[in-house]
Amino acid sequence: MLPARTPAVLLVVALAAAVPLADLLFAQPPAAPGKGRKVALLIGVNQYANRKLDPLNFAEADVADLDRVLAAAGFEVKTIRGSAGIDPKANQSGKDVYFAALAATLKGVTRSDTVLLGFSGHGVQLIVKEPGPDGKPVDKESPYFCPADGIPSDPTTLIGINEVLKVLDERGGGHNLLLVDACRNVVDPLRSARGGINGSRIDNLPEGTAVFFSCSGRQRAMESAKAGGGHGVFFHFVLEGLKGASGATDSKGRVTWDRLVPFVKEQVKEAGSDWLADLPVGERQVPFAIGSLGDVPPLVTGDLAKQPPGGNLELREKSEPFDYVIEGVTKKGTRRVVTLDIGGGEKMEFVRIPKGTFMMGALAGEKDAGLNEKPQRRVEITREFYLGKFEVTQAQYKAVTGADPSEFKGGRLPVETVTWDDATSFCSTLSGRVKRKVELPTEAEWEYACRAGTTTPFHFGSKLNGDLANCDGNYPYGTEVKGAYKKTTVEVGSYPANPWGLHDMHGNVWEWCRDYYGPYDMIASLKDPFQSKKQSNGHRVLRGGCWDEVARNCRAANRVFFLPGFRGNSYFGFRVCFRLD
């Protein structure tokens, strides 16, 4: 039995491989419903260091959107995405990061509080030695979460479900709700995944505990780009239900467990003919629930999750003066700015970029220009657009996604360690919030806005040594004079803007663009050019250089490319744009 004072616990688990939960749930007395604090810890991982763990597309989007919905419903949410916090130099593993965060989440909770734990990513089931009834070691199947640095055959690198539940057992627990999005990938079909979770293997389910599986035994849980812009199919409908979708609420507009379960079951079934059409009918996931909750408090009350904070676009432009530098001379400019309230006390400023033409690519004879920067050609941008005055900051990213994967921490620092997938997921979530299409700029739009009417390697001239952009000034461009090397990102806007009023187009963090990567001469149109997938090898483009790059790699024409799931450590960030038409 548990101590008398125990927090009500909502445990949300999204696994990418099947794990049996028999013998994992401890007998717990039901907790009385209350109006205490609601706290949540969510973890999602797309990319793994170990080659046996295939990359996932939307695990991090699952927890990012769950974070937003729960925050709107009054939860205090902590979200860990990808490899955030992992530091091998300090012997800080993903497992360490998780359990430290779990301890912090449970600190100070009481029986009237609700604790929500969430994990979206891969899971494995290993046969390990555990004490039997007579104390002698016996083989037992045990399930584990896989952090980004986990080795699927080594339980010491993984997050054991048993260990997690032991922590919860020691701290207490009343209502235990498990949402298990499982079996996205089979690591080792002979040992690590037994064809799906079978609810009948859970013995003696304690009163006040319920488990809702994304699929039944020998089925596979799927992800889909069609699911809310990219989610696990099961998790997508869990999110829709928590947002208050029709059929998931009671007569008072509250989202309850008894309503959520049948809603998700029905929606996944209906999605099967479309989103799951690639699977044989018998293998399509059919959600499965067991358990009895009694008088569990509502998960979400009213329309709190339906209407996330923020979302106001102030379309009335304001003109504001600013300074910019051309060849060492400071000049005065005026930019036209609109502001977007994104919630959480955060706003984003966008600068109006006029339509026009420019010479895209490296100048003839430009020092250190790569072959992929040529041939230079005249490009027309046919529509004006609004581009972020700054790179997306960590505070802004967290306000939209609930996460901050950055290595260098600071609200006004640019968000970094983000993939192209992360950046587009941010855009998708923000677009839904403000009812306007927010997206990454195309490569042509980025260079056009960076140059701002100039034709030199940098918008401020032909020289860079770290004085006008955050780069490695030990390797200057166009001068022998070395400059600063800060060895970190700096707050956005720390350097003068370009002639159109945009900051940090050179250096600080590489910025993802919308295009696939490909040679310039493969693009047929010179009006609003966009590199399509048919012309590409699947990589996406980044522009602008970063804090750790030599100056030549921060030139306006310089191009690099990586796969959309590559995280780039502390180097990769982004800025966003939108149009009025």
Please verify whether T357 is at pLDDT 90 or above and surrounded by fewer than 16 Cβ atoms within 10 Å (Cβ to Cβ), treating the condition exactly as stated.
yes
Of P476, P499, which residue is surrounded by fewer than 20 Cβ atoms within 10 Å (Cβ to Cβ) and either within 17 Å of F358 (Cα to Cα) or touching a residue at least 40 places away in the same chain (Cβ under 8 Å) (or both)?
P499
Would you check if G229 is modelled with pLDDT under 80 and in a helix (DSSP H, G or I)?
no
May I ask you to say which residue of T479, T417 is among the β-branched types (V, I, T) and at positive phi?
T417
Just to be sure I understand, how many residues within segment 503-548 are in contact (Cβ under 8 Å) with a residue 60 or more places away in the chain, farther than 17 Å from N558 by Cβ and in contact with a strand residue (DSSP E or B) (Cβ under 7 Å, 6 or more places away or on another chain)?
7
Across segment 529-556, which residue is farthest from F460 (Cα to Cα) among those that are touching a helix residue (DSSP H, G or I) at 6+ places or on another chain (Cβ under 7 Å) and surrounded by fewer than 22 Cβ atoms within 10 Å (Cβ to Cβ)?
Q535
Expected output for segment 144-161 (first residue free of Cβ contacts under 8 Å to residues at least 60 places away in the same chain, partner surrounded by fewer than 24 Cβ atoms within 10 Å (Cβ to Cβ) and not acidic (D, E), Cβ below 6 Å, 6+ apart or cross-chain) is P155/L126; P155/V128
Would you confirm whether or not segment 38-49 contains a residue that is charged (D, E, K, R) and either modelled with pLDDT of 75 or more or in contact with an Asp or Glu (Cβ under 6 Å, 6 or more places away or on another chain) (or both)?
yes
Out of G453, G507, report the one residue that is touching a helix residue (DSSP H, G or I) at 6+ places or on another chain (Cβ under 7 Å) and farther than 18 Å from F350 by Cα.
G507
Is it true that S406 is over 22 Å from V337 (Cα atoms) and part of a loop (DSSP other than H, G, I, E, B)?
yes
Taking D368, is it acidic (D, E) and surrounded by 22 or more Cβ atoms within 10 Å (Cβ to Cβ)?
no
Take the residues of segment 346-387 that are among the aliphatic types (A, V, I, L, M) and within 24 Å of V576 (Cβ to Cβ): which is farthest from the chain's Cα centre (by Cα)?
V379
Is it the case that S425 is free of Cβ contacts under 8 Å to residues at least 12 places away in the same chain and either under 29 Å from P55 (Cβ atoms) or under 16 Å from the mean Cα position of the chain (by Cα) (or both)?
no
So is T488 more than 23 Å from the chain's Cα centre (by Cα) and loosely packed, with under 15 Cβ neighbours inside 10 Å or not?
no
Within segment 65-80, considering residues that are over 18 Å from H236 (Cα atoms) and part of a strand (DSSP E or B), the one nearest to the chain's Cα centre (by Cα)
I80
Index of the failed condition, T357 passing every other in (1) in contact (Cβ under 8 Å) with a residue 60 or more places away in the chain; (2) β-branched (V, I, T); (3) farther than 25 Å from H539 by Cβ
(1)
The condition of being in contact with a strand residue (DSSP E or B) (Cβ under 8 Å, 6 or more places away or on another chain), in contact (Cβ under 8 Å) with a residue 24 or more places away in the chain, surrounded by fewer than 24 Cβ atoms within 10 Å (Cβ to Cβ) and in the same structural domain as M348 (by TED's automatic domain parsing) holds, among K463, K437, K374, only for K437
Of all residues in segment 539-566 being touching a Phe, Trp or Tyr at 6+ places or on another chain (Cβ under 7 Å) and among the small types (G, A, S), the one that is farthest from V379 (Cα to Cα):
A551
Would you be able to say whether some residue in segment 414-421 is in contact with an Asp or Glu (Cβ under 9 Å, 6 or more places away or on another chain), assigned by TED's automatic domain parsing to the domain that holds K533 and not in a loop (DSSP other than H, G, I, E, B)?
yes
Go through (1) out of contact with any helix residue (DSSP H, G or I) (no Cβ under 7 Å at 6 or more places or on another chain); (2) at positive phi; (3) crowded, with 19+ Cβ neighbours inside 10 Å one by one and return the number of the condition T424 breaks.
(2)
From the set of residues in segment 377-400 that are closer than 21 Å to F574 by Cβ and polar (S, T, N, Q), which is surrounded by the most Cβ atoms within 10 Å (Cβ to Cβ)?
Q396
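The values are calculated or read from the model by the stated rules, or taken from the named source; none is laboratory data. Model, not experiment: these values are computed from the prediction. Methodologically, a virtual Cβ is constructed for each residue, glycine included, from the backbone with ideal geometry; neighbour enumeration extends over all protein chains shown.
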